[in-house]
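Q: Input: one structure, supplied below.
The values are calculated or read from the model by the stated rules, or taken from the named source; none is laboratory data. Owing to the predicted nature of the structure, the values given are computational and were not obtained by experimental measurement. Reconstructed Cβ throughout: ideal geometry from the backbone, glycine too, with neighbour counts over all protein chains shown.
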Amino acid sequence: MRDLDRLLRDSLKSVGDAFAPSDPAAARQRYVERRRRRLFTMSFGSAAAAATAIALIVYLTPASDPDVRRPALDVTSRFLTVTESIPVGDAPSGIDIGEAGVWVANSGDGTVMRINQTFNEVAETVDVGGEPDDVAVGEDALWVADPNRSVVTKVEISEAGGAAEQTEIEVPLPQQHLDIAFGGDAVWVVAATEGILYRIDADTDAIDRWDGARLASDVSVDGDGVPWTLGRHQGRRIITPSAEANVTSSRVITDASGDLGTTRANADLAAGAEHLWVSLNTGRVLMLDPGGPVVAQHDVGGSYTGISVYRGLVWAVTGSGDDQGSGMLTRFEDGTGDRVGAPLPLTGRPFDVAVGRTGIWVTHNSSDSVSRLRATSD
Amino acid sequence: VGAHALAEGPLGLMERSEHARDEAVAALFDAHYAPLCRLAYVILGDAAVAEEMVMEALLKTFSGWWRIRDLDAADAYLRRAVINLCRSRIRRRAIEARVNATVHHGEQRRRPDWDPEMHETKRIVWEAVLKLPERQRAAVVLRYFEDLPEAQIADVLECSIGTVKSQLSKARAKLEKTLGPALTGGER
């Protein structure tokens, strides 16, 4: 290692020190002139921008409707509309957003697809095999969970944002449902039958296990990189944080005192900046203090669900499981626990939701598509 | 404002003030241009683009006169601006390369502008660094060319120290793999 450090230092310094800019005096003159031109343009540009901003504020100031929360983020506008429907692979399930696109796991055909967010079309298909159920985008790699093969596939993302190299990581368990999340320089995987939380180091791919998660069925990582698991203990649902993203130590188990129900399947957990959110297969969405008690709950209907948090808003997609594949997308505020705006009815068996800077994305499991949504005020 | 300035009138004052600003900005240019060009060149491997990136960084950073007041922070501002522009340039180039690869199969990638007199091993090492992903490349150059500690690298790259450590670790692993023969003194 010391040899490499020395070699790098010697080589890079040698390259840099030998380099001299072509004509610094001419560059200096060019710089002074360009700066003057830019300042001149900026002074006129600023005046025009100020006038435009004032006009926009006047135009967009909301009506005095107490039910409508309309802060700066446009996704809070009252109505949600599907703007694009993008055909993807067979039975899309999990979805996550990366820098270069939206990644979707197609459980029916063993592929993962990247959707280009500018052109709203599939830009890349990666064949991972099996039945990929969920995806988590890390810093340099995409992590794909396949519950039937008990395999997590790591797909390295190239610097241009596309897929580069695949590594299969075997989670040492029989067939399990795997929930997967990225955070704190690691990928967190839950194997539901045994309820164990696994940590895969994003750099080394080394796997650690933590048995303290208590029959965990879902995992979500908060903004500090701490994974929270939704599990069960003595017949009750519980939420458990592992300490400082380290599976070898744990903090006190947070018991939600039975408010989370007693069943195990079809629940989802999301860790917001202020609260924890759980959506249950009974059609209820609950907001909890990280300390334990449920502080807000809503009945949204449906029998299965996906939940996501982005910039203080919580997004729950619920499906009824009927023949029409109907469902609903509902928003809540992480700070107050209130509903925001009107829910949006969906079709095609909505399955999972991801929200990011580029919008709201929902997978439709039966219509083999991903819809992109935007919020509008009318 | 002295009596002479008052006698000169407001237009004269503005002109003098403009002139003084230009002089100050030019002095900052003289102080920072060459070192920043070297930094950009080590990251990009392209002399002309490196100079253009530095020019743009200087223009962006010193477009507003008010930003120049904090002269002590000028180094950090400029370094960050150059690194950000270089990283954007690398990303754009990578996308262009992907597009070109689909249009022009088999066309060779442009090689960096290096000195023909450069020692072979150093050239190989630099070439390997230029093949790293943009964030790893920036971290390596800031660590080994600029000699910055991890905390300052994190500040420039606007990420956590942990991320800097992991990026450097990944970069070292890749370089060790690529540079096996050069590290052990073998021929390539």
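Q: Out of (1) modelled with pLDDT under 85; (2) small (Gly, Ala, Ser); (3) surrounded by fewer than 21 Cβ atoms within 10 Å (Cβ to Cβ), what's the single condition that is false for B:Ala182?
A: Against the list (1) modelled with pLDDT under 85; (2) small (Gly, Ala, Ser); (3) surrounded by fewer than 21 Cβ atoms within 10 Å (Cβ to Cβ), B:Ala182 comes up short only on (3).
Q: Tell me, which residue of the stretch B:129-141 that is more than 14 Å from A:Asp5 (Cβ to Cβ), aliphatic (A, V, I, L, M) and crowded, with 21+ Cβ neighbours inside 10 Å is modelled with the highest pLDDT?
A: B:Ala138
Q: Before we move on, is A:Gly321 under 27 Å from A:Ala91 (Cα atoms) and at pLDDT below 85?
A: In short, yes.
Q: Still on this structure, please answer the following. Got a sec? Which helices (runs of 4 or more DSSP H) wholly within the stretch B:1-89 have at least 1 residues that are surrounded by 13 or more Cβ atoms within 10 Å (Cβ to Cβ), more than 10 Å from every other protein chain (Cβ to nearest Cβ) and modelled with pLDDT of 70 or more?
A: B:10-44, B:47-61
Q: Of all residues in the stretch A:276-301, which are under 20 Å from the mean Cα position of the chain (by Cα), under 20 Å from A:Pro345 (Cβ atoms) and in contact (Cβ under 8 Å) with a residue 40 or more places away in the chain?
A: A:Val285
Rundown of residues vs (1) free of Cβ contacts under 8 Å to residues at least 12 places away in the same chain; (2) part of a helix (DSSP H, G or I); (3) more than 8 Å from chain A (Cβ to nearest Cβ), yes/no style:
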| residue | (1), (2), (3) |
| --- | --- |
| B:Ala128 | no, yes, yes |
| B:Arg135 | no, yes, yes |
| B:Glu146 | no, no, yes |
| B:Glu176 | yes, yes, no |
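Q: Restricting to the stretch A:94-119, what's the tally of residues that are touching a residue at least 12 places away in the same chain (Cβ under 8 Å) and either aromatic (Phe, Trp, Tyr) or in contact with a Gly (Cβ under 7 Å, 6 or more places away or on another chain) (or both)?
A: Going through the stretch A:94-119 one residue at a time, the tally reaches 16.
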